[in-house]
Amino acid sequence: MTGENFVADKIRGIGASGIRKIFDLAATMKNPIDLSMGQPDFKVPDPIKRAAIDAIERDKNGYTVTQGLPALRERIKRHLSERHDWSPDVFVTCGVSGGLILALYAILNPGDEVIVADPYFVSYKHLINLAGGRPVVVDTHPDFKLNRDAFAKAITSKTKAILINSPSNPTGMVYGADEIEGISELAREHDLLIISDEIYESLSYDGPPATPIRFAPERTLLLAGYGKSYAVTGWRMGYAAGPEAVIREMAKVQQFTFVCAPQPAQIACITAMDTDISHLVGDYRAKRDLAVGALEGAFQFSKPSGGFYVYCEAPHGYPSGTAFVEEAIKNNVLVVPGSAFSDRDTHFRISYAVPNERLEAGCKILSELARRARVASTS
Ligand code: PMP
């Protein structure tokens, strides 16, 4: 007996697509050049590590209040006030994933719609469905811009929220102020909440990213995180900030699910917010430039401005993004097919959060595959 009969249909439907095949293939690789990871490769700055160790040694290991330690919440409030002149309610979550789950459970009635841009972060559609809502996808190919008219067309009487993510995973796009302003106006006109996933906010290489906090602060729910900025993805730390009633109801859901974020990590994240990471951001900007330089000419892509991803079109000659990823795996390079992030299977995602030699070696192999495909298609 395998227990298959116990599994709910809504869960069985998740992740049964091509991505499983890729993971199976990847499991057979020996010492691959892994450009698939969604986490930074730098070491956690020492003062942040020390703060966590120290907290554990001082026996700060129990529950905290659901909303998070007052000292951390005050630090987050100060950050938002200094950065955006914004004074929302704030609340500490278990990663941005935790914030997303709580937010969707807190706002969605059965059948309510949430609009997302395609390409989207892998979990968005699934979490909306699990919370009883319906994801509505707006295709942003080929330039990945947030086109106000396309979003306007997707709005119905059931629309509750628009979920945006800038800098974006998987495209690395940082949306312009005009795009964010357009979405904010739509939200005002149709009384929608904007959920703004800004987990890569500090990893922005061409200036600070635009945010709906500037254009519609009263209806923005900010979800931010520590994992990517300080390389503490395993600590499961994030925060939510926004309208009082939404934060209040999210806290209720957290009380009965996650209970609270881990106490030692909460304490260390206060130190993290006082730690300068500009040199690390500089290193990542250099990696972005290295990746862009190595892939230019071989692949079609929009130059990324944030995060640590490049989202490339599969070269001509490959029927799908997945087909190209299978070929890349055969050549010892692991990348993620666009079908994980999109209703289309035309692209693949490279993560440049790896040591420079690995990045160079991986991009060289991928570019060579593209060159061979070009030669084959012209001969
Ligand atoms: N949103 C985006 C856009 C992400 O890329 C990720 C992590 N890859 C998350 C949310 C989840 O972040 P966390 O690890 O803080 O739950």
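The values are calculated or read from the model by the stated rules, or taken from the named source; none is laboratory data. Please read these numbers as outputs of a predicted model, since none were measured by experiment. Ideal geometry is used to build each Cβ from the backbone, glycine not excepted, and the neighbour counts take in all protein chains shown. What goes into the accessible areas is simple: the full protein's heavy atoms, side chains included, and nothing from ligands, DNA or RNA. Shrake-Rupley method; radii C 1.70, N 1.55, O 1.52, S 1.80 Å.
A few notes on this one:
- Fluctuation leader among SER168, SER278, SER367 - the chain, Gaussian network, Cα springs under 10 angstrom: SER278
- Within the accessible area of the chain, the carbon and sulfur atoms contribute 52%, probe 1.4 Å, all protein chains present.
- Helix axis angle, 278-295 relative to the chain longest principal axis, alpha carbon, degrees: 20
- Label point 7 Å beyond Cα of THR28 along Cβ direction - residues of the stretch 326-355 with amide nitrogen under 11 Å: 330
- Distance-filtered residues of the stretch 134-155 - backbone nitrogen under 20 Å, label point 7 angstrom along SER302 Cα→Cβ: 136-155
- The DSSP beta bridges internal to the stretch 61-272 are antiparallel in roughly 30% of cases.
- Inverse of mean 1/r across different Cα pairs in the chain, Kirkwood, Å: 21.7
- The stretch 252-296 and the stretch 21-76 have Cα centres lying 9 Å from one another.
- Simple Cβ-charge dipole of the chain, Lys/Arg +1 and Asp/Glu -1, about Cα centre, in debye nearest 20: 660
- Helical runs assigned H by DSSP (4 residues or longer) give the chain a calculated mean residue ellipticity at 222 nm of -13000 deg cm²/dmol, each run adding -39500 (n - 2.57) before division by the residue total.
- Cα-based shape type of the stretch 1-135, given that a ≥ b ≥ c are square roots of the gyration tensor eigenvalues and the cut on a/c is 1.5: oblate
- Ranking HIS279, PHE42, VAL114 by how far each Cα lies toward the positive end of the dipole of the chain (charges on Cβ) leaves PHE42 at the top.
- Overall, the ratio between the Cα radius of gyration of the stretch 110-252 and 2.2 N^0.38 Å, rounded to two decimals, is 1.00.
- Shape class for the stretch 216-269: oblate, because the ratio a/c of the largest to smallest gyration tensor axis (alpha-carbon atoms, square roots of eigenvalues) is 1.5 or more and b/c is at least a/b.
- Solvent exposure of VAL375, expressed as accessible area, is near 80 Å², computed with a probe of 1.4 Å over the protein chains only.
- Rounded to 5, the percent of DSSP beta bridges in the chain classed as antiparallel: 45
- For the residues PHE256, PHE121, a 1.4 Å probe over the protein chains yields an accessible-area ranking, largest first, of PHE256, PHE121.
- Using a probe of 1.4 Å on the protein chains alone, the accessible area found for HIS141 is around 30 Å².
- For GLU181, the solvent-accessible surface computed with a 1.4 Å probe is close to 80 Å², ligands and nucleic acids excluded.
- Heavy atoms of the protein chains alone define the surface here; on that basis the stretch 61-272 has 38 Å² accessible area per residue at 1.4 Å probe size.
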